[in-house]
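Student: Could you have a look at this structure, given as structure tokens, before my questions?
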Amino acid sequence: MALVAALSHSAAAARKVIFDTDPGSDDAMALMLALNSPELDVRAITVVPGNVTAQQGLENALRMASLANRCDIPVAAGAQHPLFQKLITAEFWHGKNGLANVELPPSKCKVDGRYGPDLIIQMVHAAPHEFTLVPVGPLTNIALAVLKDPSIVPLVKEVIIMGGSITGGNVNAAAEANIYNDPEAAQIVFQAGWPLTMVGLDVGDKTLLSRKHLAQLGQTHGPMNDFMVQVATYLVDLSEKFGSAGTPMYDPLAVGVAIDATLVKAPAMHVDVETRGEFTRGETVANRHGYDERNVLHGDRYVIEGADKVEPNAKVCTDVEAERFLQLFISRIRGK
């Protein structure tokens, strides 16, 4: 009886998660980590275009849910394109199918008929203050949910985003890929007013899954374990071509923060998303000092008359216990 009670307590204590994804290769690693972590209770998978098209992403999500024997989790299609710009897909980085060219078996799971943003709205209202949103792709679906029903904002427990950077981009000098793919959506999500944690390139670049970690992962076998080894091998090979010692675990780290926030240091800052700059569109601009100078016009010049406090709207991850996180990932996937 004690064991049953402990198990039911642990299920009750698990954090309810809606996982919003553009299923490419690191999304796949993030999803498998989430599905194999008892701290998380994944209640829905919503699909957004980004790494691949919306259609390919939906197929990938269904096949992964099937591989994990989790057809109980609704998998829903969402937005088909960004809010105001053309979609940019990343098969160059993720393989033709987005999943490192690994062909998973056809899915036994069926698509949920609900529209992704509507499913988010419905689930949040059904369990107020209980859901954590974990978007690891462009923020189109989350923004659409907020635009359609702003009343969900105070009802969401937390939003943990993989996206952004305060030290330069990976698409170009300024912007990170998920934010760059829909800057307007990102600005809506950052300014919504809910508890938000930004897991950006800054920390992701410190979590390099190397050949050493690949060897650890390859010591055991199982459908998910073997899939992860194939995906990770593809990504490590690719990273080495670009001079890196391993593949950054961007999306999995967002899931890691949902599991254990002590993995990262995340000071509070105010973050805006640049939507107009010629060289900086998609940049996440963080106010590190917490104030803006107040300039007042006196005749033909402005005079600084003080500094106004700026309220933080995000916790911005700046450092990570990388090896502890990587071992967490390996331990959850091994043998599965």
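The values are calculated or read from the model by the stated rules, or taken from the named source; none is laboratory data. Note that the structure is a prediction, hence the values are computed from the model and not measured. All Cβ positions, even for glycine, are placed from backbone atoms using ideal geometry, and neighbour counts span all protein chains on display.
Student: Taking G290, is it farther than 30 Å from D226 by Cβ, small (G, A, S), surrounded by fewer than 20 Cβ atoms within 10 Å (Cβ to Cβ) and within 26 Å of the chain's Cα centre (by Cα)?
Tutor: Spelling it out, G290 is indeed farther than 30 Å from D226 by Cβ, small (G, A, S), surrounded by fewer than 20 Cβ atoms within 10 Å (Cβ to Cβ) and within 26 Å of the chain's Cα centre (by Cα).
Student: Given the options G256, G277, name the one that is closer than 25 Å to G164 by Cβ and exposed (fewer than 14 other Cβ atoms within 10 Å of the Cβ).
Tutor: Matching residue, one of G256, G277: G277.
Student: Let me ask you something else. Of all residues in the stretch 276-307, count the ones that are free of Cβ contacts under 8 Å to residues at least 24 places away in the same chain, part of a loop (DSSP other than H, G, I, E, B) and small (G, A, S).
Tutor: So the answer is 2.
Student: Could you grab me the full set of residues in the stretch 274-325 that are touching a strand residue (DSSP E or B) at 6+ places or on another chain (Cβ under 9 Å) and among the hydroxyl-bearing types (S, T, Y)?
Tutor: Matches in the stretch 274-325: T284, Y291, Y302, T318.
Student: Of everything in the stretch 91-118, what is part of a helix (DSSP H, G or I), touching a helix residue (DSSP H, G or I) at 6+ places or on another chain (Cβ under 8 Å) and of a type in the set (D, E, K, R)? Give them in sequence order.
Tutor: D118
Student: While we're on this one: Output the number of the condition that T262 fails; it satisfies all remaining conditions of (1) within 24 Å of the chain's Cα centre (by Cα); (2) within 19 Å of P183 (Cα to Cα); (3) surrounded by fewer than 12 Cβ atoms within 10 Å (Cβ to Cβ).
Tutor: With respect to (1) within 24 Å of the chain's Cα centre (by Cα); (2) within 19 Å of P183 (Cα to Cα); (3) surrounded by fewer than 12 Cβ atoms within 10 Å (Cβ to Cβ), T262 is out only on (2).
Student: Next question. Has the stretch 184-196 got at least one residue that is of a type in the set (D, E, K, R), within 30 Å of P82 (Cα to Cα) and under 16 Å from the mean Cα position of the chain (by Cα)?
Tutor: Scanning the stretch 184-196 turns up no residue that is of a type in the set (D, E, K, R), within 30 Å of P82 (Cα to Cα) and under 16 Å from the mean Cα position of the chain (by Cα).
Student: A further question on this structure: Can you tell me which residue is farthest from G95 (Cα to Cα) among those in the stretch 1-40 that are hydroxyl-bearing (S, T, Y) and at pLDDT below 95?
Tutor: The residue in question is S8.
Student: Let me ask another. From the list R63, R70, which one is part of a helix (DSSP H, G or I) and in contact (Cβ under 8 Å) with a residue 24 or more places away in the chain?
Tutor: R63 is the lone residue from the list that is part of a helix (DSSP H, G or I) and in contact (Cβ under 8 Å) with a residue 24 or more places away in the chain.
Student: Which condition from (1) touching a residue at least 40 places away in the same chain (Cβ under 8 Å); (2) out of contact with any His (no Cβ under 9 Å at 6 or more places or on another chain); (3) of a type outside the set (F, W, Y) is the one that V52 breaks?
Tutor: All conditions pass for V52, except number (2).
Student: What do you reckon, is L144 crowded, with 19+ Cβ neighbours inside 10 Å, aliphatic (A, V, I, L, M), under 26 Å from G256 (Cα atoms) and touching a Lys or Arg at 6+ places or on another chain (Cβ under 9 Å)?
Tutor: No.
Student: Inspect all residues belonging to the stretch 298-316 and state whether any of them is buried (at least 18 other Cβ atoms within 10 Å of the Cβ) and in contact with a Pro (Cβ under 8 Å, 6 or more places away or on another chain).
Tutor: Yes, the stretch 298-316 has at least one match.
Student: If you don't mind, there's one more thing I want to ask. Looking only at the stretch 171-178, decide whether some residue is in contact with a helix residue (DSSP H, G or I) (Cβ under 6 Å, 6 or more places away or on another chain), in contact (Cβ under 8 Å) with a residue 12 or more places away in the chain and buried (at least 20 other Cβ atoms within 10 Å of the Cβ).
Tutor: Looking for residues that are in contact with a helix residue (DSSP H, G or I) (Cβ under 6 Å, 6 or more places away or on another chain), in contact (Cβ under 8 Å) with a residue 12 or more places away in the chain and buried (at least 20 other Cβ atoms within 10 Å of the Cβ), one finds at least one in the stretch 171-178, hence yes.
Student: What residue, of V273, V255, V310, V320, is hydrophobic (A, V, I, L, M, F, W, C), touching a helix residue (DSSP H, G or I) at 6+ places or on another chain (Cβ under 6 Å), touching a residue at least 40 places away in the same chain (Cβ under 8 Å) and over 22 Å from R15 (Cα atoms)?
Tutor: The unique qualifying residue is V273.
Student: Restricted to the stretch 95-112, and to residues that are more than 12 Å from T53 (Cα to Cα) and under 21 Å from the mean Cα position of the chain (by Cα), which residue is surrounded by the fewest Cβ atoms within 10 Å (Cβ to Cβ)? Give the derivation first.
Tutor: Of all residues in the stretch 95-112, those more than 12 Å from T53 (Cα to Cα) come to 95, 99-112.
Of the ones still in play, those that are also under 21 Å from the mean Cα position of the chain (by Cα) are 95, 99-100.
Working: G95: 20, L99: 26, A100: 22.
Per the stated criteria, the residue is G95.
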